[in-house]
Structures are given as structure tokens and as C-alpha cells.
Amino acid sequence: MSKRFLAALLVFALALGGLPAPSGQAQEGAAKAFYVAPNGSDSNSGGPNDPFRTLEAARNAVRSLKNGEGLPAGGVTVYLREGTYPRSESFELTEEDSGTAESPIVYRAYPGETVRLSGGANLDRTGFEPVADPAVLQRIIDPAARGKVVRFDLAAHGLTDYGQISRHGYWKASDISLLPPMQLYIGGRA
């Protein structure tokens, strides 16, 4: 997975989470709403009790509406219901997906719910194994820590696109790297 994709995904996720949620069930003035939920299906209608599973299905429904009867006055809102949405590629919106001042197209989290777009991969615990290479273990200064170091073979688990490797750990504004480095989170903590 490329770093550019992850950076774009982060910006999109911040936009979703950073917008104030509308009060009530629907955006004020929105004439039409589609819903997306992690347990939905892309063969559904996109209604509140029949949500799509993916952003792409909702985007395509908005495109169909726009190309068919046209956007309604008040616009269209796509609500993402609570949950985590795994992403393996960029979510592309083009000029075709633009609304107007009178008929905006808005993507947002459902009021009061938390939505996460995740470009990361969950690693199976069983894939971690103790480091056995004596040359690697000798480089660890504290002998008590040597038996606690584990490794995970990303390539063996299908993860081969490492993007651009940064020259050091946590990304900082003063870092001269172009993109943040890959990071590992365990239990939600870096």
C-alpha cells in the first residue's frame, strides 16, 4: 500500500471526523440520503435499513441519481454508519461527483457515531515469532530483552508494498521525509 494512498486516506478520514455532525437524523435541507454500513451489501438500495457496504456503491448511486433525474434541491448526503471500513485503494471522487451550492453532495459520519477508514492491515498474532539470529540478538544491549524480540514476515503474509521507507520512526513536521513512515499499533497504541 503506497504512502500517498495512506496520506490521502488520512486526510479523508480527518475530514469525515472533523466535520460537525448534523443534529437529528438527516442533514438539514438534504433531500436525499444514502447510507453505508460495515455490515451492508452493495446490492442493497442504500436506504437507512438497507445500507451499502462500500463508499464506491454510494458514490455510484449518487452518480446514477445525478445522471438520471438529477440532484434534488437540498442535495444528497451519504451517511457512514459506525464502524471500521478497511481500504486497500484510494476512494476516487472526480468532477462527476461534484454537487452545486443548491444541491451539495456531502459524505459524513452518521450523527453521534464514530467512523474509521483504515488503510492498515491486521496482523495475525501467530505470525510473530522470536528472533533467533545470534547476530541480531547480540546488537540488543540489554541481555534480558534479547528473548523478548519478535519478528513478522510481512511478505509471507501478502504485504509487499511498503511505500517509501522513512529514515526514522515517528513522523514529525521537522522530518525531511516526504511521507509518514509505516507504523505498528498494538491494541490501538503505537
Legend entry - Average accessible surface area per residue within the range 37-141, 1.4 Å rolling probe, Å²: 59
Inset, instruction - Please report the relative contact order for the range 33-173, taking Cα pairs under 8 Å with a sequence separation of at least 6, and give it as a percent rounded to a whole number. - result: 18
Legend entry - Dipole moment magnitude, nearest 20 debye, the range 43-172 about Cα centre, only Lys, Arg, Asp, Glu C-beta charged: 620
Inset, instruction - Tabulate in residue order the Karplus-calculated ³J(HN,Hα) for the range 84-90, using 6.51 cos²θ - 1.76 cosθ + 1.60 with θ = phi - 60°, rounded to whole Hz; enter x for Gly and Pro. - result: 10, 10, x, 10, 10, 8, 5
Legend entry - Glu102 versus Asn39: modelled label distance in nm, points set 7 Å from Cα along the beta carbon direction: 4.1
Legend entry - Pairwise label distance in nanometres, Asp50 with Val149, each label 7 Å out on the Cα-Cβ vector: 5.8
Inset, instruction - Would you grab the residues whose amide H sits under 5 Å from the one on Tyr85? Only those 5+ places off in sequence or on another chain, please, with H modelled 1.01 Å from N. - result: Arg116, Leu117, Ser118
Legend entry - Positive-pole candidate from Pro51, Pro72, Ser98, dipole of the range 49-123, charges at beta carbon: Pro51
Legend entry - Extension gain from Asn67 to Glu129, taking 0.36 nm per residue of separation minus the Cα-Cα distance: 16.9 nm
Legend entry - Karplus 3J(HN,Hα) series, Hz, for the range 135-142 with 6.51 cos²θ - 1.76 cosθ + 1.60 (x for Gly, Pro): 5, 6, 4, 5, 6, 7, 5, 7
Legend entry - Under-5 Å amide H pairs with Ala109, H placed in peptide plane, nonlocal only: Leu80
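The values are calculated or read from the model by the stated rules, or taken from the named source; none is laboratory data. The shown structure was predicted, so the numbers you read here are calculated from the model rather than taken from an experiment. Please note: Cβ atoms are built from the backbone with ideal geometry, for glycine as well, and neighbour counts cover all protein chains shown. Keep in mind that these areas ignore ligands, DNA and RNA; they rest on the heavy atoms of the full protein, side chains included. Shrake-Rupley method; radii C 1.70, N 1.55, O 1.52, S 1.80 Å.
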